[in-house]
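Have a look at the structure below before the remarks.
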Amino acid sequence: MDQKKSDNFLQDLASVVGPANVLREASDLAAYLVDEERRYQGSALCVVRPASTQEVSRVLTLCHEAGVAVVPQGGNTGLCGGATPPAGIDVIVLALARMSRIRAIDPSNNTMTVDAGCTLAAVQAAAAASDRLFPMSLGSEGSCQIGGNIATNAGGTNVLRYGPMRDLVLGIEAVLPDGRIMNGLKALRKDNTGYALKHLFIGSEGTLGVITGAVLKLFAKPASQAVGLAGMKDIDAAMRLLDEIQRRAGGTLTNFELISSAQYDHVMALPNKPNDPLSVRHPWAAIVELTDPDPAAALEDQLATSLHDAMEQGIVTEGVLAASQAQAGQIWAIRHAVTEANHRAGRSLSHDTSVPVSRVPDFVRGVEKQVAEHFPTARLVFVGHAGDGNIHAEVILPHDSAHAADLDSIATAINATINEVALSLDGSISAEHGIGRLKRDELQAYLGAVDLDLMQGIKALFDPKGLMNPGALFQHFKAAPTGRPDRS
């Protein structure tokens, strides 16, 4: 775009959102042009900060007419580079933080309608103020935004009981690439009227349009809780404990988080390390949480009995039950310190694979074998959501590792190795973090030809000019004259 057209385009944007909300200075742009992991750096004509769906519509209309690409960005907390603009093309970043209204709460219908720019923490707080629960919980919940959570089909620690974001969304409002508004804000649990278009946007990573609002499911607020920490001798025992707890606790089992001993060591090496309730280190530890809306539910007795019986059967070698909310918080602090601990320990390469729950032990052993054989200087730790098969294998390279100078190539090799193990067990290369730019090449190999053709066809239908989040999901995409995708 030549300078005159660029100036006119920027003036048109300013007329929509106000000059103060079209950021152009390098110092203002910097935080929007790099991803959370500092792996991707892009460029943009500007950052546009709309305050309403109507403003988003007008901005996208201008971009569509000018042929300018759009990268929607929420809290910019993603781990796959999916909200970072590419370099070298005419593109704007559309930042939705100003769209932060809680539009409506209907406690009787157990629903909440929100702007896409609301932080997850704000949604949780608004639900709690209405004596309800919005169960999505992530480490970045203070800064990640609902639109981004939906666009990546986020997971988190409560998926075992409540499901991922796809299970928590009833309706979506979105602006299409040409500026049209799709108003699907229906607070219905039954609506059998053709294609469920909302599901195309959940997990689409901003490649089909911009999510501007959503109707979310709410749940009864838990009134009883029991939290325990168990030590086990191996991964098989950990999964046996999961099976036992699920059989006894049923729907009250909310969390079952696994931590390997190496991961536990990193947490306990922190200067501000959490309190360790266990007397000795165990090869594996599990955080177990039961919750119930009934204040009279005897969850502590139930969990204590389950852990005791598991010890009698040789499944658990040590068990600790939190006797107070403070002690429960101390147990959870171990899990929440994982990211900080791994970053302190070295260059952490995180993996977001999932396998059938029954194959988790095979996955762990397979990854251990492959990493030990091919990357002997790396340290392997595991942490994750065992109840839904999403075990994060974290490969940590020492800060002074010989691989540090060639991080991209070693990361690619490690990713491929771990993904191969997951795929050999009928697993997935992405459980909750999305594809973004990090995994787009792997996605091409992972998908079957029919699946890939259908996805490209959907992209071409919604975004025939290929302007929405270019480079995310697909390495190359442009519409052919027929409207069908050109995969050159």
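Tabulated values for the structure
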{"quantity": "5 angstrom amide H check on ASN109, placed H, neighbours 5+ away", "calculated": "none"}
{"quantity": "3J(HN,Hα) from dihedral phi, region 253-270, Karplus parametrisation 6.51/-1.76/1.60, rounded to Hz, x for glycine, proline", "calculated": "6, 9, 9, 9, 9, 9, 9, 6, 4, 5, 5, 4, 4, 4, 4, 6, 8, 5"}
{"quantity": "Size of electric dipole in the chain: Cβ of Lys, Arg +1 and of Asp, Glu -1, about Cα centre, debye, nearest 20", "calculated": "1080 debye"}
{"quantity": "Sorted peptide list for 282-292, 163-173, 452-462, 268-278, criterion being average Cβ within 10 angstrom, highest first", "calculated": "282-292, 163-173, 452-462, 268-278"}
{"quantity": "Check: region 315-473 dipole with +1 on Lys, Arg Cβ and -1 on Asp, Glu Cβ, in debye", "calculated": "260 debye"}
{"quantity": "Ranked list, fewest to most other Cβ atoms within 10 Å of each Cβ, for TYR32, TYR446", "calculated": "TYR446, TYR32"}
{"quantity": "Rounded Å value of the spacing that divides the Cα centres of region 284-357 and region 233-283", "calculated": "5 Å"}
{"quantity": "Angle between the chain longest axis and helix 360-374 axis [Cα atoms, degrees, rounded to 10]", "calculated": "80 degrees"}
{"quantity": "Length released on extending from ARG365 to TYR195, taking residue separation times 0.36 nm less the Cα-Cα span", "calculated": "57.0 nm"}
{"quantity": "Orientation-averaged projected area, Cα convex hull of the chain (nm²)", "calculated": "24.2 nm²"}
{"quantity": "Farthest toward positive dipole pole in region 98-243 [+1 Lys/Arg, -1 Asp/Glu at C-beta], among ILE150, GLY179, GLY209", "calculated": "GLY179"}
{"quantity": "Per-bin percent of Cα-Cα distances, region 70-148 [5 Å]", "calculated": "3, 16, 23, 20, 15, 10, 6, 4, 2, 1, 0"}
{"quantity": "Inter-label distance, nm, simple model (7 Å from Cα along the C-beta direction), GLU25/SER261", "calculated": "5.5 nm"}
{"quantity": "Residues with amide H under 5 Å from that of THR254, placed H, sequence gap 5 or more", "calculated": "GLU289, LEU290, THR291"}
{"quantity": "Residues of type aspartates and glutamates that LYS233 reaches as a straight line, Cα spacing below 18 Å, ignoring anything fewer than 8 places off in the same chain", "calculated": "ASP243, GLU244, GLU257, ASP265, ASP276, ASP309, GLU312, GLU318, ASP362, GLU368"}
{"quantity": "Filtered GluC sites (Glu not before Pro), region 14-74: DSSP coil and at most 14 other beta carbons within 10 Å", "calculated": "GLU25"}
{"quantity": "13 Å beta-carbon shell around VAL123, net charge (K/R +1, D/E -1)", "calculated": "+2"}
{"quantity": "Sites GLU420 and SER324 - FRET efficiency at Förster radius 56 Å, r taken between beta-carbons, to 0.05", "calculated": "0.80"}
{"quantity": "Distribution of pairwise C-alpha distances over region 74-208, 10 Å bins, in %", "calculated": "11, 43, 35, 9, 1, 0"}
{"quantity": "All-pairs Cα distance distribution in region 346-424, expressed in whole percent, bin size 10 Å", "calculated": "20, 54, 22, 4"}
{"quantity": "Ellipticity estimate at 222 nm from DSSP helix runs (n ≥ 4, -39,500 (n - 2.57)) divided over the chain, nearest 500", "calculated": "-10500 deg cm²/dmol"}
{"quantity": "Whole-Å semi-axes of the ellipsoid equivalent to region 3-95 (Cα gyration tensor, √5λ, descending)", "calculated": "21, 14, 12"}
{"quantity": "Partner lysines for LYS5 [C-alpha distance under 26 Å; skip if fewer than 8 residues away on the same chain]", "calculated": "LYS465, LYS478"}
{"quantity": "Vicinal HN-Hα couplings computed from phi for region 428-436 (Karplus, 6.51 cos²θ - 1.76 cosθ + 1.60; Hz; Gly/Pro x)", "calculated": "10, 7, 8, 9, 8, 9, x, 10, x"}
{"quantity": "Compactness of region 223-344 as Cα Rg over 2.2 N^0.38 Å, two decimals", "calculated": "1.02"}
{"quantity": "For region 258-318: span of alpha carbons on each principal axis (Å, largest first)", "calculated": "39, 28, 17"}
{"quantity": "Highest-first arrangement of 4-12, 178-186, 211-219, where packing means the average Cβ count within 10 Å", "calculated": "211-219, 178-186, 4-12"}
{"quantity": "Protection-proxy order for peptides 329-340, 365-376, 225-236, 73-84, each taking the mean of Cβ atoms within 10 Å per residue, highest first", "calculated": "73-84, 225-236, 329-340, 365-376"}
{"quantity": "Potential lengthening between THR412 and ASP7 on full extension [0.36 nm per residue; Cα-Cα distance subtracted]", "calculated": "141.8 nm"}
{"quantity": "Residues THR252, THR207, sorted so that the one with the fewest Cβ neighbours within 10 Å comes first", "calculated": "THR252, THR207"}
{"quantity": "THR212 long-range amide H proximity, modeled H, under 5 Å", "calculated": "GLU173, ALA174, VAL175"}
{"quantity": "Among THR291, GLN225, ALA337 - extreme Cα towards positive end, dipole of region 224-338, charges at beta-carbon", "calculated": "ALA337"}
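Every number here is computed from the coordinates shown, using simple stated rules; none is lab data. On a predicted model such as this, the values are computed, not experimentally measured, just so you know. So basically every Cβ, Gly included, is an ideal-geometry build from the backbone, and we count neighbours across all protein chains shown.
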